[in-house]
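A.B. asks: Provided herewith is a single structure, encoded as structure tokens, for subsequent inquiry.
The values are calculated or read from the model by the stated rules, or taken from the named source; none is laboratory data. All of these numbers come straight from a predicted model, not from anything done at the bench. When we count neighbours, we look across all protein chains shown, and the Cβ atoms used for this are built from the backbone with ideal geometry, even at glycine.
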């Protein structure tokens, strides 16, 4: 029997959201997510952020929001969302964050992203996933590259930061074929690094 993966995706629950709100003031998250920290009573603002689509051509549709759960201790450590999902649509924007600093730097976000890509391509029958990332977020860009995402466009001054300045964002895309190639190169399943 195959070992359970270190992380799994689960429905986003109110108790998870409460935990994420309490973690949102982490300076690393403020820098990498471009948000103003959330107060304990700002559940709706957090959900709007999770559902926010940065690429206009994917506006509309629904959001599938999930928690990233650490399997060994059953702890919600972050979230992942597929945004702009339409009936019969071919693409979605994906957002991901490891909210708990104790779980960063271990490849868990990469594992969760692989699981989400597998779900999006195999279960939802999508053909492309896109995301945006700040150019100076090297760890995230490397993680996305391991899954097969490729930089496609630099959006200049496209994200309003909490301090009122605008920041550039890379658009990265992952096709079904690129995901299959990346999995083959890694010699692994979606549940391993």
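A.B. asks: For residue 12, state whether it is closer than 19 Å to residue 132 by Cβ, surrounded by 20 or more Cβ atoms within 10 Å (Cβ to Cβ) and touching a residue at least 24 places away in the same chain (Cβ under 8 Å).
C.D. replies: no
A.B. asks: May I ask you to list the residues in segment 41-51 that are under 24 Å from residue 120 (Cα atoms) and surrounded by 14 or more Cβ atoms within 10 Å (Cβ to Cβ)?
C.D. replies: The answer is 46, 47, 49, 50, 51.
A.B. asks: Can I ask one more? Just to verify a result, which residue in segment 181-193, among those that are over 15 Å from residue 116 (Cβ atoms) and part of a helix (DSSP H, G or I), is modelled with the highest pLDDT?
C.D. replies: Here the residue is 181.
A.B. asks: Let me ask something else about it. Given (1) at pLDDT 90 or above; (2) closer than 19 Å to residue 160 by Cα; (3) in contact with a strand residue (DSSP E or B) (Cβ under 8 Å, 6 or more places away or on another chain), where does residue 20 come up short, assuming only one miss?
C.D. replies: Residue 20 satisfies every listed condition except (2).
A.B. asks: Just to check your reading of the model, which residue among 175, 81 is touching a helix residue (DSSP H, G or I) at 6+ places or on another chain (Cβ under 6 Å) and within 22 Å of residue 55 (Cβ to Cβ)?
C.D. replies: 81
A.B. asks: Criterion first (under 21 Å from residue 82 (Cβ atoms), out of contact with any strand residue (DSSP E or B) (no Cβ under 6 Å at 6 or more places or on another chain) and surrounded by fewer than 20 Cβ atoms within 10 Å (Cβ to Cβ)) does residue 176 satisfy it?
C.D. replies: Judged against the criteria, residue 176 is a match.
A.B. asks: Just the residues that are farther than 13 Å from residue 24 by Cβ and under 14 Å from the mean Cα position of the chain (by Cα), please, taken from segment 37-75.
C.D. replies: 51, 52, 53, 54, 63, 64, 65, 66, 67, 68, 69
Here's the yes/no breakdown for (1) in contact with a strand residue (DSSP E or B) (Cβ under 7 Å, 6 or more places away or on another chain); (2) exposed (fewer than 15 other Cβ atoms within 10 Å of the Cβ):
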| position | (1), (2) |
| --- | --- |
| 16 | yes, no |
| 28 | no, yes |
| 35 | no, no |
| 39 | no, yes |
